[in-house]
Amino acid sequence: MIGSGTTLVECKLLQRSAIGVDINPDAVMVARNRLGFSYRPLDEDYKKPEIKTYVGDARNLNLIKNESIDLIVTHPPYAGIISYSKNRIGEDLSSLKVPEFVGEMEKVADESFRVLKPGKHLAILMGDTRKHKHYIPISARILEVFLKSGFILREDIIKGQWKTKSTREKWSGSKYDFLLIAHEHLFIFRKPGKDERTTKFKNSMCW
Ligand SMILES: C[S@@+](CC[C@H](N)C(=O)[O-])C[C@H]1O[C@@H](n2cnc3c(N)ncnc32)[C@H](O)[C@@H]1O
């Protein structure tokens, strides 16, 4: 779910080889284009990483072998809050309503678990929304989905949102910082190591 390729640009700067996947061929083209920048690193030992991209579905990473990936960094749509392909691409998860989106994310979580090496990490950025004046905790549902797939939660990092309508919202009349949807969750999960005893992490795992 590379979108316009921010993660891949960081990979190039950090010398990390990467495989970027997105369902939308336009996104993959934009990402490839953004990667074309010339870069003169300060580090003399800098070796150009191998960065591949392909048009594919995060629910079925058929080109990627079991337990071959060191780190997954993903940023799915927040269900249908923003429609990325304007319903032109059937497999685009941003065309789904929240319950169907959460259901399909189970496949993304299982597939991520399959390709990740044991003991390695997955980072996923998720946000919430509100409808009919009620809160919709998409990120909490997605957290449960990844725990159910077998991941252990390492961190829930809060990323502030800027320049959006919601960051201007405060509890009306409040002079304190009680903010309404002013953040997204960057969940960091770990796949258990081979033969690792996970009992001591049980409160960070699926119950
Ligand atoms: C929130 S955007 C990612 C934005 C990205 N962080 C960036 O820097 O531009 C979500 C992306 O997920 C992609 N996507 C939606 N459904 C997908 C699927 N089934 N498999 C792979 N990518 C998908 C969309 O095409 C969109 O580019």
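The values are calculated or read from the model by the stated rules, or taken from the named source; none is laboratory data. Nothing here was measured: the structure is a model prediction, and the numbers come from that model. Methodologically, a virtual Cβ is constructed for each residue, glycine included, from the backbone with ideal geometry; neighbour enumeration extends over all protein chains shown. Areas reflect the complete protein model, heavy atoms only, side chains present, ligands, DNA and RNA absent. Shrake-Rupley method; radii C 1.70, N 1.55, O 1.52, S 1.80 Å.
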Candidate set: the range 5-29, residues that are among the hydrophobic types (A, V, I, L, M, F, W, C) and near the ligand (Cβ under 8 Å from one of its atoms); chosen: the one nearest to Thr53 (Cα to Cα): Val21
Failed condition for Val108, given (1) surrounded by 18 or more Cβ atoms within 10 Å (Cβ to Cβ); (2) of a type outside the set (Phe, Trp, Tyr); (3) under 15 Å from the mean Cα position of the chain (by Cα); (4) farther than 30 Å from Lys194 by Cβ: (4)
The range 75-95, subset open to solvent by 20 Å² or more (accessible area, probe 1.4 Å) and within 9 Å of the ligand (Cβ to nearest atom), residue farthest from the chain's Cα centre (by Cα): Ile89
Residue ID - nearest to the ligand (Cβ to nearest atom), chosen from residues in the range 46-74 that are without any contact (Cβ under 8 Å) to a residue 40 or more places away in the chain and under 14 Å from Lys12 (Cα atoms): Lys52
Complete set of residues in the range 38-86 that are under 21 Å from Gly127 (Cβ atoms), not basic (Lys, Arg) and not in a strand (DSSP E or B): Ala58, His75, Pro76, Pro77, Tyr78, Ala79, Gly80, Ile81, Ile82, Ser83, Tyr84, Ser85
Residues of the range 112-148 satisfying the condition of being within 18 Å of Leu71 (Cβ to Cβ) and either of a type in the set (Lys, Arg) or touching a helix residue (DSSP H, G or I) at 6+ places or on another chain (Cβ under 6 Å) (or both): Arg114, Lys117, Lys120, Leu122, Met126, Phe146
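Just to confirm my filter: which strands (runs of 3 or more DSSP E) fall fully inside the range 116-192 and include at least 3 residues that are modelled with pLDDT of 95 or more and buried (at least 17 other Cβ atoms within 10 Å of the Cβ)?
Details: elements: 116-126, 129-131, 134-136, 152-160, 183-190.
Here the list reads 116-126, 183-190.
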